[in-house]
Structure formats: C-alpha cells, structure tokens
1. Using the Karplus equation 6.51 cos²θ - 1.76 cosθ + 1.60 (θ = phi - 60°), what ³J(HN,Hα) coupling, rounded to whole Hz, does each residue of the range 80-93 give in order, writing x for Gly and Pro?
2. Roughly how much of S104 is accessible, in Å² to the nearest 10, using a 1.4 Å probe?
3. Identify, among L153, H139, V90, the residue whose Cα sits farthest towards the positive end of the charge dipole of the chain, taking +1 on the Cβ of Lys and Arg and -1 on the Cβ of Asp and Glu, with the dipole about the Cα centre.
4. Please list, in chain and number order, the residues 5+ apart from V132 or on another chain whose amide H is under 5 Å from its amide H, with Hs placed from the backbone.
5. What does the helix-only formula give at 222 nm for the chain: each DSSP H stretch with n ≥ 4 adding -39500 (n - 2.57), the total divided by the residues, and the result rounded to the nearest 500 deg cm²/dmol?
6. Carbon and sulfur together cover what percent of the accessible area of the chain at a 1.4 Å probe radius?
7. In nm, give the distance between the simple-model label positions of Y116 and L55, each being 7 Å from the Cα along the Cα-to-Cβ direction.
8. Kindly write out, for the range 67-76 in residue order, the coupling ³J(HN,Hα) from the Karplus curve 6.51 cos²θ - 1.76 cosθ + 1.60 (θ = phi - 60°), rounded to whole Hz, with x marking Gly and Pro.
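The values are calculated or read from the model by the stated rules, or taken from the named source; none is laboratory data. This is a predicted model, so every value here is computed, not measured. Heads up, the Cβs are rebuilt from the backbone with ideal geometry, glycines too, and the neighbour counts pull from every protein chain shown. Accessible surface is based on the protein model in full, side chains and every heavy atom, while ligands, DNA and RNA are left aside. Shrake-Rupley method; radii C 1.70, N 1.55, O 1.52, S 1.80 Å.
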Amino acid sequence: MAIGTLDWTSAAERLDLLAEPVARAVDGLDGIEVAEIDPELADTAAFCERYGVDLGESANCVIVAAKRAGEVRYAACMVLATTRADVNGVVRRHLDARKISFASMDDAVTLTGMEYGGITPLGLPEEWPVLVDEAVAAHPEVVIGSGVRRSKLAVSGSLLAGLKTAQVLRLAN
C-alpha cells in the first residue's frame, strides 16, 4: 500500500487501532489496511495535508437523520472528500424522508459507538443503509475513518459498495 506517507498494515493485525464495532466488522474481511495518525489531524483537510494523501483518495462518511411521520431513521453517506453529498435532494428522496439533516454529534457518537471525526461505514448498526457515491464505489482504494480519531483505514471502493446494506447512487453534487 502506498497512499501518502503513512505506514499501512493489515487491520486484522492492529485491532487496537479500531473502534470496537469496526474491529468486529473487519473480522474476516480481506484487503483492509490501517495506519496510525495524530488524532489532532483526523479531520480530512489537515490529515491529507500532513500525510500527503490527495483529497480525491479520501472519502468522508456523514450520518444523516431522515424524518417522516414522527419516525427517525439513520443512514450513512460516503462521498469523496472533493465532493459533497446532495443530502437535501438525492439522499432525502432516496430515504423517502420529509425532512433530513445531519445527525447531531451526540447522536452519531452514541448510536455508532465511534468517535466523532472517525465514523466509518464499517460496523454501523445493521439496519442503517450505507449510501455509497458512484465515484467512491469505482475508486480502487480510498482512505476512510476507523471509528477512532487516531487511525485511518484504506479500503477499495468495491469493498464499500459490497457491504451488506450498501446502495450505490450518484450522491455527490
């Protein structure tokens, strides 16, 4: 693996660098690498600059809360760091929501068991859809969160697109 200046190793060999739900999710999956980083540099722009990772090689995971008839459903959206998810259009319609918003930090952390700024689609609650942008799904390898701020994962877009609850869409605008 040669993304940026990071020292990548098999995630299965460094479960200590993953949030607990992520460690459970990667068990038995091949091709997932992890690298330790400075947790103060976990935010995408600072991370990419410090570790020589192109923004187009980094994918962000945002958690949305979709509301309809008093019911709230959560979903994850994966887009390249060079784009933004069309939450109020594509995502809202796809989830058949009357209203949609980014989940609050407290809800995102509590419901995922992951650290804010490190949330990743691996290990999310099983009933949550993972909406993967077409550009992420087609990417040979992207850097994503690991569930904690002190590390990052490198995975193929096809692995993300193949997750049990994944749905590939044109999310970015």
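1. With the stated coefficients, the range 80-93 comes to 4, 5, 7, 10, 10, 6, 7, 5, 6, x, 4, 5, 4, 5 Hz.
2. Only protein atoms counted, so the area is about 60 Å².
3. Checking the options against the dipole of the chain, the answer is V90.
4. M78, Q167, V168, L169
5. On the way: 5 runs with 33 residues, N = 173.
Taking each H run of at least 4 residues, the total per residue is -4500 deg cm²/dmol.
6. Values: 3960 of 8470 Å².
Answer for the chain is 47 percent, counting heavy atoms of protein chains only.
7. With each label point 7 Å from Cα toward Cβ, the separation is 2.3 nm.
8. Going residue by residue, I get 10, 7, 6, x, 9, 10, 10, 10, 8, 10 Hz, with x marking Gly and Pro.
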